[in-house]
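For reference, the structure is listed below as C-alpha cells.
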Amino acid sequence: MRLSRAFLPTLKETPAEAQIVSHRLMLRAGLIRQTSAGIYAWLPLGLRVLRKVSEIVRQEQDLAGAQEILMPTVQPAELWRESGRYEDYGKEMLRITDRHDREMLYGPTNEEMVTDIFKGYAKSYRDLPRSLYHIQWKFRDEIRPRFGVMRGREFLMKDAYSFDIDAEGARKSYRLMFRAYLRTFARMGLKAIPMQADTGPIGGDLSHEFIILAETGESVVYLHKDLLEFDVLAQDPTGTGDPSPVVDFWTSRYAATDEKHDEAAWDAIPAEAQVTARGIEVGHIFYFGTKYSKPMGLTVAGPDGTPVVPEMGSYGIGVSRLLAAIIEAGHDEEGIIWPDAVAPYACAILNLKPGDAAADALCEQLYAALPGEAVYDDRPERAGAKFADADLIGYPWQAIIGPRGAAKGVVELKRRATGERLELSLEDALAKIR
Ligand SMILES: Nc1ncnc2c1ncn2[C@@H]1O[C@H](COS(=O)(=O)NC(=O)[C@@H](N)CS)[C@@H](O)[C@H]1O
C-alpha cells in the first residue's frame, strides 16, 4: 500500500477518553474509530490485523478437529426460552422486535443456536463426537464499555461448541481445545496462562480462563512462577496427537483467578514461586455437560438404541480483544510493537527523499518484491514524520532508503522491536524481511 494514497487516519494527540495504552495507540495509529459507546469501525490497518489474528485462531481450531460454520448474529428469543436463559441473561442482552412483532435478540453467545442446529442433524452416537466453531460478532450491552475494544459492546469472538456421547468424551474434547488455546496464543507471541475459573452465566463445573499478564488487566490472578517459563510450541510442535502431556503439564502448577483462588493451596507454594498479577482474559473454555442439550431435547440413539443426551462444552476467544491484549503486551513510548505473525504489514519502506531518482528506484524495487507485505511511505513528508508514524503503527521492519544509500544500492533495515539497524543489499534485506 502506498501511503500517499492510503486511508490511514493517524492522530497526533492522545484522545482524552482513552485510559489504557492499547486504547490510546489503536486510536492514534488509525486502526479503529468509535461509532458509539463500545462499538467501533475497523479501519484498513486494524482490519488487516484482525484478519491475521482470526486466521491463526482458525488454523488452530481446524487443527484441533473443529469444523467451521457461520451462525447469524440475530437470534429468535424462543431458543433462549427453551434453555431458560432468556430472562436471567439480564440487561446485557440486546432485545429486538421485528416487523411481525417477533421477539429477536442480537446474540451474546451461541450455545442455544448451535444446539438447535446440531439437533436437526445428530440422530445416532455415530454422529458424535463433533466440534463446531464460528468467528462471529457478538453484542453484550455492557453497562460500562471501556478500554476501547478490550471491553466493547459489539465484539468479535471465536466460539466453538463440542458434542460428545459421554462425560469422558467431553473431557477429551475439552483437552483438545485446551491445547489448541495454548498454541493459538503462543503463535501470536503471547504468554497466556490457563487458570481455573468461574463458569458464570455459561454454566457447568469445569472451566479455564486464558490470561495474558498485563498491569492494566481487569482480572487479579495467582500462579506458580514455573508457568511463566513453559513454551508450549516447543512442547507440542505439531498440535496433533494426544493433548494430555501438554494439558497435564500446564495444569500441574497452581493457577487461579481471584474468584477461584484457594488460600490453602496457595500457602503450600514456596513464597519465591508465588506470582500475583493482573491479567487480561483472552479466552475462556467450559465443560457444562447437558446444561443445554437436556432442556433443548437433543438426544441421539446410543449403541444399544436407548436415547442418550450428549455432553457439551463451549470455548470462546476474544478475537477483537486480542488486538488490545497484544498491544498491552508489546509496545513502547513510540507506539505499537506488532509480533511478526499478526503485523498489518511486515515492512514500512521509508523514502527519505521522494523525487531522488536512485532512492525512488530502490524503493520501487523493494516494494515490488514484497507484494501485499509492505507499505511504501512515498509521501512528501520530512523523514522525522515518517519515522514517527512507522514507530507508532509498529511494523516489525522499517526499510530506510535515502539518496546516499540508494546510490550504493544499500538499504538500512531497522528492527522495530529491538531498534537494531543493518546496512544491507536489496537481496539481503528481502531475505531478512521475508
Ligand atoms: N465485552 C467484551 N469485549 C471484548 N471481548 C469480550 C467481551 N466479553 C467477552 N469477551 C471475550 O470473549 C471471550 C469468551 O467470552 S465468554 O463469555 O467468556 N465465553 C462465552 O461467551 C462462551 N460462549 C464461549 S463459546 C472472553 O474470554 C473474552 O476474551
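The values are calculated or read from the model by the stated rules, or taken from the named source; none is laboratory data. Note that the coordinates shown come from a computational prediction; the quantities given were computed from them, not determined experimentally. Methodologically, a virtual Cβ is constructed for each residue, glycine included, from the backbone with ideal geometry; neighbour enumeration extends over all protein chains shown. Protein only, heavy atoms only, side chains kept; ligands, DNA and RNA dropped before computing areas. Shrake-Rupley method; radii C 1.70, N 1.55, O 1.52, S 1.80 Å.
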**Message:** Checking Met104 against (1) surrounded by fewer than 21 Cβ atoms within 10 Å (Cβ to Cβ); (2) more than 14 Å from the ligand (Cβ to nearest atom); (3) not in a strand (DSSP E or B), only one condition comes out false. Which one?
**Reply:** (3)
**Prompt:** Within the set of pairs 6+ apart or on separate chains, which have a first residue in the stretch 185-198 that is more than 17 Å from Ala214 (Cβ to Cβ), a second that is hydrophobic (A, V, I, L, M, F, W, C), and C-beta atoms under 6 Å apart?
**Reply:** Arg187/Ile56; Arg187/Ala341; Gln196/Ala256
**Candidate set from the stretch 125-149 (those that are closer than 20 Å to Ile285 by Cβ and aliphatic (A, V, I, L, M)); member that is farthest from the ligand (Cβ to nearest atom)** = Leu128
**Request:** Among the residues of the stretch 43-76, count how many are free of Cβ contacts under 8 Å to residues at least 40 places away in the same chain and outside any helix (DSSP H, G or I).
**Result:** 4
**Asked** Identify, please: which residue in the stretch 115-132 is touching a residue at least 60 places away in the same chain (Cβ under 8 Å) and part of a helix (DSSP H, G or I) and is, among those, surrounded by the most Cβ atoms within 10 Å (Cβ to Cβ)?
**Response** Thr115
**Request:** From Tyr254, Tyr315, grab the single residue that is open to solvent by 10 Å² or more (accessible area, probe 1.4 Å), among the aromatic types (Phe, Trp, Tyr) and either modelled with pLDDT of 95 or more or away from the ligand (no atom under 16 Å from the Cβ) (or both).
**Result:** Tyr254
**Item:** Verdict on Arg81 being assigned to a helix (DSSP H, G or I), closer than 30 Å to Ala186 by Cα and open to solvent by 10 Å² or more (accessible area, probe 1.4 Å)
**Value:** no
**Asked** Can you spot a residue in the stretch 342-357 that is assigned to a strand (DSSP E or B) and within 16 Å of the ligand (Cβ to nearest atom)?
**Response** no
**Complete:** Log entry, pairs with first residue in the stretch 97-112 being over 22 Å from Ile39 (Cα atoms) and in contact (Cβ under 8 Å) with a residue 40 or more places away in the chain, second being in a strand (DSSP E or B) and open to solvent by 90 Å² or more (accessible area, probe 1.4 Å), beta carbons closer than 7 Å, six or more apart or on different chains, reads none
**Extreme residue, most open to solvent (accessible area, probe 1.4 Å), among residues of the stretch 279-312 that are within 15 Å of the ligand (Cβ to nearest atom) and among the charged types (D, E, K, R)** = Lys291
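Condition check ((1) open to solvent by less than 60 Å² (accessible area, probe 1.4 Å); (2) among the β-branched types (Val, Ile, Thr); (3) within 28 Å of Ile327 (Cα to Cα)) across all residues:
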position: Ala388; (1), (2), (3): yes, no, yes
position: Arg404; (1), (2), (3): no, no, no
position: Val410; (1), (2), (3): yes, yes, no
position: Leu422; (1), (2), (3): yes, no, yes
**Message:** For a quick check of your reading of the model, give me the residue pairs whose first member lies in the stretch 1-29 and is touching a residue at least 24 places away in the same chain (Cβ under 8 Å), whose second is in a strand (DSSP E or B) and β-branched (Val, Ile, Thr), with beta-carbon atoms closer than 7 Å and at least 6 apart or on different chains.
**Reply:** Met1/Val375; Leu3/Val375; Leu25/Ile336; Met26/Ile32; Ala29/Ile336
**Request:** Name every residue in the stretch 291-321 that is polar (S, T, N, Q) and within 16 Å of Gly200 (Cα to Cα), in order of residue number.
**Result:** Ser314
**Fill in**
Going through (1) within 14 Å of the ligand (Cβ to nearest atom); (2) of a type outside the set (Gly, Ala, Ser); (3) modelled with pLDDT under 95 one by one, Glu87 fails only at (1)
**Request:** State whether one or more residues within the stretch 152-170 are crowded, with 22+ Cβ neighbours inside 10 Å, within 16 Å of the ligand (Cβ to nearest atom), assigned to a helix (DSSP H, G or I) and not small (Gly, Ala, Ser).
**Result:** no
**Request:** Could you list, in sequence order, all residues of the stretch 184-193 that are closer than 12 Å to Phe230 by Cα and of a type outside the set (A, V, I, L, M, F, W, C)?
**Result:** Lys191
**Request:** Just give me the residues in the stretch 15-37 being among the small types (Gly, Ala, Ser) and over 16 Å from Thr216 (Cβ atoms), in sequence order.
**Result:** Ala16, Ala29, Gly30, Ser36, Ala37
**Complete:** Going through (1) away from the ligand (no atom under 14 Å from the Cβ); (2) at negative phi; (3) open to solvent by 10 Å² or more (accessible area, probe 1.4 Å); (4) not hydroxyl-bearing (Ser, Thr, Tyr) one by one, Glu218 fails only at (1)
**Request:** Would you please name the residue that is surrounded by the fewest Cβ atoms within 10 Å (Cβ to Cβ), looking only at residues in the stretch 4-36 that are aliphatic (A, V, I, L, M) and more than 16 Å from Ala324 (Cα to Cα)?
**Result:** Ala16
**Asked** Based on what the data block shows, is Gly394 buried (at least 20 other Cβ atoms within 10 Å of the Cβ) and at positive phi?
**Response** yes
**Request:** For the stretch 199-282, please list each of the strands (runs of 3 or more DSSP E) lying entirely inside it that holds at least 1 residues being closer than 19 Å to Gly318 by Cβ, aliphatic (A, V, I, L, M) and without any contact (Cβ under 8 Å) to a residue 60 or more places away in the chain.
**Result:** 219-224
